[in-house]
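We did not get these values from a lab; they are worked out from the coordinates using the rules stated. Just so you know, these numbers come straight off a predicted model, no measurement behind them. Ideal geometry is used to build each Cβ from the backbone, glycine not excepted, and the neighbour counts take in all protein chains shown.
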Amino acid sequence: MTVKTADVSRFQIHDELTAPDESAPLIKSIKAAGGAVTKFVGVLAGAPAVLRAYTRCVPSSAAASSPRRPASGIALAVAEHREDT
């Protein structure tokens, strides 16, 4: 099944230059922590309170480094269970 995506968004996607005054420091802190400013974060920047809540729930440093940790932990657990070590 092919999913088509449009180049045009119904939402305004902000960056640190176009974001409201309350959201710009949050976007800068996400970048400084090594996190990615995705389109999702850019849309959330339009509502500073929502972006603030999102950054409290999902710290950008954890989001940037989390994909490798669970995969390696699962691989080690499976290898240990199968006694592959």
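Using 0.36 nm per residue and subtracting the Cα-Cα separation, the extra length available between residue 36 and residue 80 on full extension is 12.5 nm. Each Lys or Arg adds one and each Asp or Glu takes one away; over the other residues whose Cβ falls under 12 Å from the Cβ of residue 38, this sums to +1.
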